[in-house]
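First up is the structure itself, then whatever we jot down about it.
The values are calculated or read from the model by the stated rules, or taken from the named source; none is laboratory data. Please read these numbers as outputs of a predicted model, since none were measured by experiment. For neighbour counting, all protein chains shown are included, and Cβ atoms are generated from backbone atoms with ideal geometry for every residue, glycine included.
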């Protein structure tokens, strides 16, 4: 697992967390586009780049021959990198924007999309693939229980309120805020 040598690993702290994810639950990230919702997603997904030291790239299956971008010389000698979770969140946000854009709920072209349907489809498909790969890689094995429910079509329904061991996302955000090197 390459994450063992990822610079952000020093920020990882585990917490237990109960997910509350009913179909009708509310969240600052759910619903049709509003200024507040767009701002919440932007705050969640936009993070600066970090420096990966030169001596760490081989452990991440990269070499100097990969033509990686270096950080500015006044910052260091390593390489510019983003933290993957923020790319994944960008992808989730892009898919969210795409679905609402397709439904005609934006009066402008959302960030990350264009007026070219083929380019939009390619970007969305890239994001689906990136998220699929990540989900299969990390494969959450938390049990999702089934509740008896005589009113449900099959007499039962999934219980999406699940208990998890999670990486403390706020700690990761704090780490990025102190370690970033490039916009």
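Taken as a whole, region 145-166 holds at least one residue that is surrounded by fewer than 15 Cβ atoms within 10 Å (Cβ to Cβ), within 23 Å of residue 46 (Cα to Cα) and modelled with pLDDT of 95 or more.
Of the listed requirements (1) within 20 Å of residue 41 (Cβ to Cβ); (2) touching a helix residue (DSSP H, G or I) at 6+ places or on another chain (Cβ under 9 Å); (3) surrounded by fewer than 16 Cβ atoms within 10 Å (Cβ to Cβ); (4) touching a residue at least 12 places away in the same chain (Cβ under 8 Å), residue 109 misses just one: (4).
Results for (1) part of a helix (DSSP H, G or I); (2) in contact with a helix residue (DSSP H, G or I) (Cβ under 6 Å, 6 or more places away or on another chain), shown as yes or no for each residue.
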site	(1), (2)
88	yes, yes
92	yes, no
98	yes, yes
120	yes, no
130	yes, yes
140	no, no
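Restricting the search to region 76-106, which residues are closer than 14 Å to residue 48 by Cα and in contact with a strand residue (DSSP E or B) (Cβ under 9 Å, 6 or more places away or on another chain)? Residues satisfying the conditions are 79, 80, 81, 82, 83, 85. Would region 61-71 turn up any residue that is at pLDDT below 95, under 25 Å from residue 174 (Cβ atoms) and outside any loop (DSSP other than H, G, I, E, B)? No; the residues of region 61-71 include none that is at pLDDT below 95, under 25 Å from residue 174 (Cβ atoms) and outside any loop (DSSP other than H, G, I, E, B). Scanning region 12-28 for residues that are under 30 Å from residue 54 (Cα atoms) and assigned to a loop (DSSP other than H, G, I, E, B) yields 12, 13.
Kindly provide the set of residues from region 125-164 that are farther than 17 Å from residue 91 by Cα and free of Cβ contacts under 8 Å to residues at least 12 places away in the same chain, ordered by number.
Hits for region 125-164 are 139, 141, 148, 149, 150, 151, 152, 153, 154, 155, 156, 157.
Search region 29-57 for residues being within 19 Å of residue 168 (Cα to Cα) and in a loop (DSSP other than H, G, I, E, B), and hand back the single one that is modelled with the highest pLDDT. By that ranking, first place goes to 29.
Would you mind stating whether residue 9 is in a helix (DSSP H, G or I) and either farther than 30 Å from residue 97 by Cβ or at pLDDT 95 or above (or both)? It is true that residue 9 is in a helix (DSSP H, G or I) and either farther than 30 Å from residue 97 by Cβ or at pLDDT 95 or above (or both).
Here's the yes/no breakdown for (1) in contact with a helix residue (DSSP H, G or I) (Cβ under 8 Å, 6 or more places away or on another chain); (2) surrounded by 16 or more Cβ atoms within 10 Å (Cβ to Cβ):
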residue: 43; (1), (2): no, no
residue: 61; (1), (2): yes, no
residue: 67; (1), (2): no, no
residue: 70; (1), (2): no, no
residue: 80; (1), (2): no, yes
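Selection of region 142-183 for residues being in contact with a helix residue (DSSP H, G or I) (Cβ under 8 Å, 6 or more places away or on another chain) and over 18 Å from residue 16 (Cα atoms) yields 174, 175, 176, 179.
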